[in-house]
Structure formats: C-alpha cells, structure tokens
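Asks: Here you go, one structure.
Just so it is clear, none of the values below were taken in a lab; they were calculated from the coordinates. Please read these numbers as outputs of a predicted model, since none were measured by experiment. Note: ideal-geometry Cβ built from the backbone for every residue, glycine included; neighbour counts use all protein chains shown.
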Amino acid sequence: MILHHQFIKMAKKFSKKMAIIDCTTEKRVPYSKALIASLILAKKFKKYNDKYIGVMIPTSAGSFLTTIGLLMAGKVPVMINYSTGAAINCRYAQKKCGFKTIIVSKALIEKIQCRPVKGFIYIEDIMETIGLADKLGAALKSKMSCSSIINTLPKATADDNIVILFTSGSEKEPKAVQLTHKNLGSNIEGIMEAIPLTSDDSIMSILPLFHVFGFNTNFWLPMSQGMTAVTYANPLDYKRIPKIIREERPTMITGTPIFFNGFLREASPGDFNSIVYMVPGADKTPAALRKGYKEQHNIELLEGYGATETSPVVSVNRLNANRPGSIGKVLFNVKVRITDVNTGKSLSTGKEGKILVKGDLIMKGYFDDLEETSLRITDGWYDTGDMGVLDDEGFLWHKGRLKRFVKIGGEMVSLVKTESVLEELLPANIDCCIVEVPDPRKGARLIAAVTGEVDKKSLVKKMSEQLPSIAIPNKFIIFEELPKMGSGKMAFRQITDMVRKQISDS
C-alpha cells in the first residue's frame, strides 16, 4: 500500500465527504478539496532541491495536506518536535538528515517564541503564492482517474520512506527512524482487524504528527481509509477537547494517559457519548484512569503498546477481549516473542523477559546509523528494550523499560513498578517519577520526584505493604512541575538530571 496513492483513491471515492474538520482554524475540508490542495502544494514543493523536507506544523488541515503534498512531490517529510527546544530540534534534524528546508507555521513559531532557523519557509507565505492558475490546474487534474493522477506523480514503491521520525530522547539522544509505506500500511491493516473501523468512523486527531502514534492513528489511518479526522492543535486544552467531541461526535480517540486524565477532569456527562474506541498508549495507563472513565462515562479504555520503530502498534486490547492492566493481544500480522535477558533464548508462556517484535511494521532502520540499527534488529526481530510477559490467553503485559530496571543490593528493581504503586497512593493532581542515584553502599538508591507536598512517612508505610524495602524511595524531592515529552510521557533523562543536580547542590 502506497499511502498517498491510497489517499487519492479515497478522495475520489468520497469526494463530497469531510476529510478534515479543523477545529483550530474552523475550516471544514471535504476530500475533493483536500485532493486539490495536496496537488497544489505538491507543485509548490517540487521546486525545493532537498529530498528530505522538515515539517513543523501543529495537527491541522495544514499539517495533513503539507505532508501529503510533499509525498506527491517525491519528497520525504521529516517531522520535527516543536514541544521542547524547537530550534535545537530543527538544527539537529537538518544536520542528521542533511537537508535545509523546513516548512513551518508562522503562527506556531510566534506562539512558542521559537528563534528563526536558517531554512524556515512559512506555509502561510506559500499559501499566498497560490494563484488562479494553480487552482484551476489542480482542479482539472483532480477530475482525472486515480491511475491517471498517480501516473503524473514521481514513481513510488512500498519500500520508499514515507517519513523520518525521531525517537523521544527521554533516555538518550534522539534517533532518526525511517518508516516506509509498507511499515505504516501493514500497521494500519493490523489496527483495522483489531478495531473494526470503517469509512463511517471519525477520528479525534489531537496528537502531534512528530509522534508516531499521531502520525499513524490520527493522520494516515483516517486519510487512507476514507474516514473523517477531527483535528485540534493543542492536546493540552483539556476544557475545549471534550466540547469538540460532544459537538463533532468522533467515534475514536487515541492519546496518552496524561492527556486522557486531563479530559476526564474537565469533561461533563455526555461529552464522550459518541466515542466507541478510546485507546491510550505511549505510557502505562493507571488503574484509577480506567476506573474514572468506566464510572463517569461508561467507557472501557483499550490500552495498547508500540514504539516509533514499530509504526507503532504492536498490541491492543479489544472491546470483546479487554484485559485491564495488559497491553492487549498482538496484532494478527505481527509476531512477538519473549526472550531471556542474559541468554537471548525464547521463554515459555508466563515467563518475564525482553519483548522482541517481527513483521512488516518494523522500521527500515535508523537513518545513517547502521551500527545502531544492527544492534536493535537481528534476523528481522526488533529488540524493543522493554520487559514483558505473554500469558496463556495471548495477552501481552508490559513490565517496564529494561533501562528502568536498576540493581540494588544485588536485586533487580523496577522503577516503573515503584512508580505505579506510588501513583495509586498520591492525589490525582500530583505527578511522580522515580529516579535512581548512585549509592556507595548498595550501588544505587531511589528518589521520588513529585509535584506537591506529600506525607513521606505515611507513603513509605503504605508502599512497604506492596514493595520490598529496596524498591521504596528514601527521599522525596518536590518540583513545581516535571518536564514531559511532546507525547505526554515523562522526560526521564531530564528529570534524572534535575534530581541529581538538586542532590549534589544540597
């Protein structure tokens, strides 16, 4: 499946149907106009010499059509994270992938106060150059048959890159992930089998396209299947999004637990009546969040699991097969095996080990980094770096990042498990993150970074009922807020630096 070709087919089939309802700009774009706009932008983008073109536009009709237009022009979009250090991320991407041009939104640059970067081209300026001849030419082309339109575009194959995305950088420097049409197309097929969506469904698209979860489920999933995408640029606008859902009635929303928690706090009864599928991912889903949606809105959260390198969905719970606490059943076209951390041998059902994944969803590789690629992919199996268990009913259970296990007093301790226990005991408005710091006697000790005053003595007592003493933090440090990635996940590397600095200064 070549996805921009698939978009053309959907645009011809559902020409009068709404492709994008942009709730930021209040524009409603039917598939016919989306096709015309993409063709216009493709013609504009062809003049740029770079094969790779940066894109830094919030989730909107503009970001969707820019990305499709670049592919139609034979370019590869490089999605840039604007949520943290936008200018630094732009220069990092330019250097890593060897390009200059970045298509950006002037409104975004002004809002986040991003310093200008050499190579910026504003999408607003491009739009002003569109004349009557551009519109007429694209309109005429859009009336041609699907095959005729496709034949006017640069040749494309399923193994061509559809995007370059960067890993979160929460643990180390971001890596540039090459995903192909085959990767994304395969994952969309797997999602559609697990969650029986049709062209009658509509997706609430709030995730940024620089995050693989957004790039697939919020953008290509609806655009390749003839669905409607209801876009909104700011996933942190917890008051507005429930109102948009009430008004526009999307049937599915994907997001991170942090975002879903914000919506739950601000939503009124009836706001989520249209939602059939609510899929949290990219971070663990707290039991309290599942309970809140079930009790207040009668919605079952269908937790899933994936990675940038897996396009992203590996597994997901279903309405008819939902095991709360698990990360669901593996997609039909994906293979997963659990291996021993030390020997690499496959483990039997119920044994905890490292999660390896195989299938057409696995990335082509890290851009210009054969060594790192070979370390993560062996014989087609991608090493996720995550720990997990497959149970006898086929449900996958996530046990945390291998890198978030630490040896204390000769025992392996999961920082994620300690966090999970602490989260259940803290008030809903307090975030936490467990960090390990060196200890001359035990090798390491745990510190809890929290965003509010806590009763340490009471917490430690309650945690000791569920955890061994070595897994309980011996110090709580209060911060006004804990930095997060654009996906809403905790920025562990940054938080660790903050904690260690505070300890060294004290």
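Asks: How many lysine pairs in region 409-505, separated by 8 or more positions in sequence or lying on different chains, have Cα atoms less than 19 Å apart?
Replies: 12
Asks: Per DSSP H run of n ≥ 4, the term is -39500 (n - 2.57); total these for the chain, divide by its residue number, and report the mean residue ellipticity at 222 nm rounded to 500 deg cm²/dmol.
Replies: -10000 deg cm²/dmol
Asks: Would you please report the Å³ per residue occupied by the convex hull of the alpha carbon atoms in the chain?
Replies: 153
Asks: Which whole-number percent is the relative contact order of the chain (Cα, under 8 Å, 6+ apart)?
Replies: That works out to 12 percent.
Asks: Can you list the GluC sites (Glu not before Pro) in region 385-476 that are in a DSSP coil and have 14 or fewer other beta carbons within 10 angstrom?
Replies: Glu393, Glu453, Glu465
Asks: Further question on the same structure: Looking at region 30-95, which trypsin sites (Lys or Arg not before Pro) are DSSP coil and have at most 11 other C-beta atoms within 10 Å of their C-beta?
Replies: Qualifying residues, ordered by number: Lys47.
Asks: For a paramagnetic label modelled at 7 Å from the Cα of Arg500 toward its Cβ, which residues of region 432-461 fall within the zone defined by backbone nitrogen distances under 16 Å?
Replies: Zone members listed by number: 434-440, 443-449.
Asks: Do you know the relative contact order of region 409-505, to the nearest whole percent, from alpha carbon pairs under 8 angstrom that are 6+ apart?
Replies: For region 409-505, the relative contact order is 28 percent.
Asks: Continuing with this model, one more query. Against the empirical 2.2 N^0.38 Å scaling, what ratio does the C-alpha Rg of region 391-490 come to?
Replies: Ratio of Cα Rg to 2.2 N^0.38 Å: 1.12.
Asks: No solvent, one uniform scatterer per C-alpha: report log10 I(q)/I(0) for region 293-418 via the Debye equation at q = 0.12, 0.13, 0.19, 0.21 1/Å, two decimals.
Replies: So the normalised log intensities are -0.50, -0.58, -1.11, -1.27.
Asks: Moving on. Principal axis lengths of region 141-300 from Cα atoms, whole Å, largest first?
Replies: 52, 44, 28
Asks: Now for a separate question. If you take the Cα Rg of region 53-159 and divide it by 2.2 N^0.38 Å, with N the number of residues, what do you get?
Replies: Output field value: 1.20.
Asks: What are the residues whose amide H is under 5 Å from the amide H of Thr180, where those residues sit 5 or more places off or on another chain and H is modelled from the backbone?
Replies: Ile162, Lys364
Asks: Here is a follow-up. Exposure proxy check: Met463, Met252, Met72 ranked by fewest other beta carbons within 10 Å?
Replies: So the residues, fewest neighbours to most, are Met463, Met252, Met72.
Asks: Then there's this: Taking amide H atoms as placed 1.01 Å from N in the peptide plane, list the residues 5 or more away in sequence, or in a different chain, whose amide H sits under 5 Å from that of Lys27.
Replies: Residues meeting the criterion, in which the H sits 1.01 Å from N, are Asp22.
Asks: Mind putting together the pair-distance distribution for region 103-228? All Cα pairs, 10 Å bins, whole percent per bin, short to long.
Replies: Percent of Cα pairs in each bin: 10, 25, 39, 23, 4.
Asks: Take the residue pairs Lys75/Lys182; Lys243/Lys329; Lys17/Lys141; Lys43/Lys141; Lys51/Lys143 and return only those whose Cα atoms are more than 22 Å apart.
Replies: Lys243/Lys329; Lys51/Lys143
Asks: Take the Cβ-Cβ distance between Glu124 and Ser469 as r, set R0 to 56 Å, and report the resulting FRET efficiency rounded to the nearest 0.05.
Replies: Result of the calculation: an efficiency of 0.45.
Asks: Same structure, new question: Relative to the first principal axis of the alpha-carbon coordinates of the chain, what is the inclination of helix 86-97, with its axis defined by its Cα atoms, in degrees from 0 to 90 and to the nearest 10?
Replies: Once rounded, the angle reads 70 degrees.
Asks: Rounded to the nearest 0.05, what FRET efficiency is calculated for Leu236 and Lys27 with R0 set to 25 Å and r the Cβ-Cβ distance?
Replies: It comes to 0.70.
Asks: If you filter region 288-353 for chymotrypsin sites (Phe, Trp or Tyr not before Pro), then keep DSSP loop positions with at most 16 other Cβ within 10 Å, what is left?
Replies: Sparse-neighbourhood loop chymotrypsin sites (Phe, Trp or Tyr not before Pro): Phe332.
Asks: Now for a different question. Which angle between 0 and 90 degrees, to the nearest 10, do you get for helix 31-45 versus the longest principal axis of the chain when only C-alpha atoms count?
Replies: Once rounded, one gets 90 degrees.
Asks: If R0 is 41 Å, what FRET efficiency do you get for Lys13 and Arg246 from their C-beta distance, rounded to 0.05?
Replies: About 0.90, to the nearest 0.05.
Asks: For region 92-162 and region 240-275, compute the distance between their C-alpha centroids and round to whole Å.
Replies: Using only Cα atoms, the two centres lie 31 Å from each other.
Asks: Would you mind working out the magnitude of the charge dipole of the chain relative to its Cα centre, with +1 at each Lys and Arg C-beta and -1 at each Asp and Glu C-beta, to the nearest 20 Debye?
Replies: So the magnitude is around 1000 debye.
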